[in-house]
Amino acid sequence: MRTHPAQRIAVFIDVQNLYHSAKNLFKARVNFENALKYAIQDRQLVRVFAYVVKSENPEETGEQSFFDALEKLGIELRIKDIQVYPGGFKKADWDVGMAVDAIRLSSSVDTVVLATGDGDFIPLVEYLQAHGKLVEAMAFAKSSSGKLKEKVDLFIDLGEKPRIFLIKR
């Protein structure tokens, strides 16, 4: 697949997916600045969103400084509070929100970049491709859905270039 300077792209970052994969596979953090630059290349960025979950105690976790750093990169944040259910079960899921944003923006772009390895996005990939869009995914291959890797037009394995895409703790 070839890129060209007139190609318009939008990037959608599943922060939780990438964060946990980097932490569990490499004991590292994602270098979101380098990942975004790699996704954009020489193309025209229309918009970039990062989907994040705010913890119960954001001051203690230091996540506000992380959110600020993402915004300094020009990334628009979508923030959701973590839901705590009776019994202590916690959940925060951005899949539907991310898919809706990608569909809404798809008429303004040629390529959609999904920074996730979550196989739940396969129907989104199929929808976008059926509507003439190229779909790329960026994630860690070891923790990504095999079917997602097969379905997208291009899969970028962030684990292949750890010096570029990871920050060691």
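Here are some notes:
- Number of residues in the stretch 119-149 that are acidic (D, E) and closer than 26 Å to Q44 by Cβ equals 2.
- Residue that is nearest to A99 (Cα to Cα) [pool: residues in the stretch 11-69 that are at pLDDT below 95 and assigned to a strand (DSSP E or B)]: V52
- Candidates L114, L148 - the one that is under 13 Å from the mean Cα position of the chain (by Cα) and either modelled with pLDDT under 95 or surrounded by 16 or more Cβ atoms within 10 Å (Cβ to Cβ) (or both): L114
- Matching entry among V11, V53, V48, V15 (being closer than 15 Å to F165 by Cα and buried (at least 16 other Cβ atoms within 10 Å of the Cβ)): V15
- Taking the listed residues D110, D93, the one that is without any contact (Cβ under 8 Å) to a residue 40 or more places away in the chain and not β-branched (V, I, T) is D93, with no other qualifying.
- Restricting the stretch 1-44 to residues that are polar (S, T, N, Q) and closer than 20 Å to L73 by Cα leaves a set whose member that is farthest from the chain's Cα centre (by Cα) is Q44.
- For the stretch 94-141, a residue qualifies if it is over 10 Å from V11 (Cα atoms) and among the polar types (S, T, N, Q), and the qualifying residues are S106, S107, S108, T116, Q129.
- Residue count for the stretch 74-90 under the criterion of being more than 11 Å from F49 (Cα to Cα) and either touching a Phe, Trp or Tyr at 6+ places or on another chain (Cβ under 8 Å) or assigned to a strand (DSSP E or B) (or both): the result is 5.
- Filter result for D157 (under 19 Å from Y38 (Cβ atoms), acidic (D, E) and touching a helix residue (DSSP H, G or I) at 6+ places or on another chain (Cβ under 7 Å)): yes
The values are calculated or read from the model by the stated rules, or taken from the named source; none is laboratory data. Remember, it's a predicted structure, so these values are computed and weren't measured experimentally. Using ideal geometry, Cβ is built from the backbone for each residue, glycine included, and neighbour counts are taken over all protein chains shown.
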